[in-house]
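The values are calculated or read from the model by the stated rules, or taken from the named source; none is laboratory data. Computed from a prediction, not measured in an experiment: that's the story for all the values here. Cβ placement follows ideal geometry from the backbone for every residue including glycine, while neighbour counts extend to all protein chains displayed.
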Amino acid sequence: MTRSPAHSPADRPGSLNAARRARSLDLLGDRPTVDVLVVGGGVTGTGIALDAASRGLSVVLAEKHDLAFGTSRWSSKLVHGGLRYLATGDVGIAYESARERGLLMSRTAPHLVRALPMVLPVHRDTGRLRAATTRTGFLLGDALRLSAGAGARNLPASRSISAALTLALAPALRPAGLRGGQLSYDGQLTDDARLVVALARTAAAHGAHVLTRCGAVELDGRAAVLRDELSGEKLEIRARCVINATGVWADTLAPGVRLRPSRGTHVVLPASALGHPTAALTVPVPGESNRFVFALPQSDGRVYAGLTDEPLDTPVPDVPEAPGEDIDFLLGVLSRALATPLRREQVIGAFAGLRPLLDSGGGRSADLSRRHAVLTAPSGVITAVGGKLTTYRAMAEDAVDAGMAQAGLAAGPCRTQALPLIGAASPGRLAASSAPARLVARYGSEAEAVLADAADDPALLEPVAAGVTGAELRWAVRHEGALDESDVLDRRTRIGLVSEDRERALPAARAALEA
């Protein structure tokens, strides 16, 4: 059956595009049996697909919408080292977070993760006990990073800093009564959705079939019926192992799983509203011992401020909205530390994501564990749920191990601890690239290829909105699996976070899809 062009002259190893999707659908229609079927194209699902494919197993990844369509694109873009979990005594998840952060920064995706300075201001009204407790926490975080080993040298140690340096890093702070600050470091992702795309493409380079716009209609431990959301046609896949990695929608495919999703909201501000900070600002939430609001500077002249932790008491939507009360809460907490309070009219965008937390009974969603779980239903479907973006790799390893044991699959051990993603390279190699630094930070070793791919049209090298060029839009379609305007503007790039930018870039996105 004809679904789209049968070939693409632009294919590279790991390229995802409409032509490759069509070939996969045709091939699976003829030989629909694989070792592992993964349902869900977020960071967990793509991580599982890569883990399984890199062990030599045959893999299909099916995603109803697009890569990183759900929670995985709505994070704070932080690769947390687990410091907050020390405060609750959860040393295990804190250690796992520090270890996985180190792997991302040193081996897996050093092109996408970099050290982010974070400053917590200490005013006279902070209280000496809280200041001392915070300093102790940062020292424990340093010890945790060193004990975790992997990538331990990628982040400087925390330290106390003067009021002058605190203001230099975060100029919008209220100078009156400022005694200094606590400076620490964490990992910052260039873009969480780009991490997901890199995982999916690396899985594809190892032979995985990556099928976006392909939802699971029926599912059990040995088979699934998939529906091509573009054509409406159905495809039955037989699999030796079926893994449900659909996040906050996991209980729709595995009814025995009990979830309590919580909403995390961020606002998008122009960097000028906070004096163009060069460090993230950390402000404690009043009355809470281990909750903070962060103002996180981005490379595009914006700041993401977040986040909330509110229970979701409505049906799970495809795309959650950021409610006004969440926005007011974030602005209010941040303004407590600023010389000039933030105003609603300064907010140029907002987004919200839903955490797929396991329901462990009573208590607030903010207090629920961020541990992941791998559960096996009576039908044989394995569900990987819970966890957090930083620890996706460990979660994927556990899920594949469980699937192999259940299905009796023979394959090698997990390889992802030492497996670099597409685009990963050493700092020296990245620094030597002739491509603009902005492109290197988003595409790593492929940055020069992004430019070369647009060599036939110099106009593609001009920005269309938010600094993003037409060359990047074309690359998204040719190599990153973008099938429509939203894929291009809302996930392969983040132009869509600001509605005016989205409108400005829409013609260029359409042109890229038609090229």
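Among strands (runs of 3 or more DSSP E) entirely within segment 206-286, having at least 2 residues that are in contact with an Asp or Glu (Cβ under 9 Å, 6 or more places away or on another chain) and free of Cβ contacts under 8 Å to residues at least 40 places away in the same chain singles out 223-228.
So which of VAL316, VAL303 ends up being surrounded by 21 or more Cβ atoms within 10 Å (Cβ to Cβ), aliphatic (A, V, I, L, M) and not assigned by TED's automatic domain parsing to the domain that holds ILE243? From the options VAL316, VAL303, the qualifying one is VAL303. Quick one: would you say THR390 is crowded, with 20+ Cβ neighbours inside 10 Å, out of contact with any Cys (no Cβ under 8 Å at 6 or more places or on another chain), under 30 Å from ARG238 (Cα atoms) and among the polar types (S, T, N, Q)? The answer is no for THR390. In the set (1) under 21 Å from the mean Cα position of the chain (by Cα); (2) buried (at least 23 other Cβ atoms within 10 Å of the Cβ), VAL119 fails one condition alone, (1).
Determine which member of the set LEU409, LEU460 is over 24 Å from the mean Cα position of the chain (by Cα), buried (at least 20 other Cβ atoms within 10 Å of the Cβ) and in contact (Cβ under 8 Å) with a residue 12 or more places away in the chain. Being over 24 Å from the mean Cα position of the chain (by Cα), buried (at least 20 other Cβ atoms within 10 Å of the Cβ) and in contact (Cβ under 8 Å) with a residue 12 or more places away in the chain holds for just one of LEU409, LEU460, which is LEU460.
Looking only at segment 13-56, residues that are surrounded by 19 or more Cβ atoms within 10 Å (Cβ to Cβ) and part of a loop (DSSP other than H, G, I, E, B) come to 7 in all. The condition of being surrounded by 22 or more Cβ atoms within 10 Å (Cβ to Cβ) and of a type in the set (A, V, I, L, M, F, W, C) holds for only one of VAL91, VAL79, that being VAL79.
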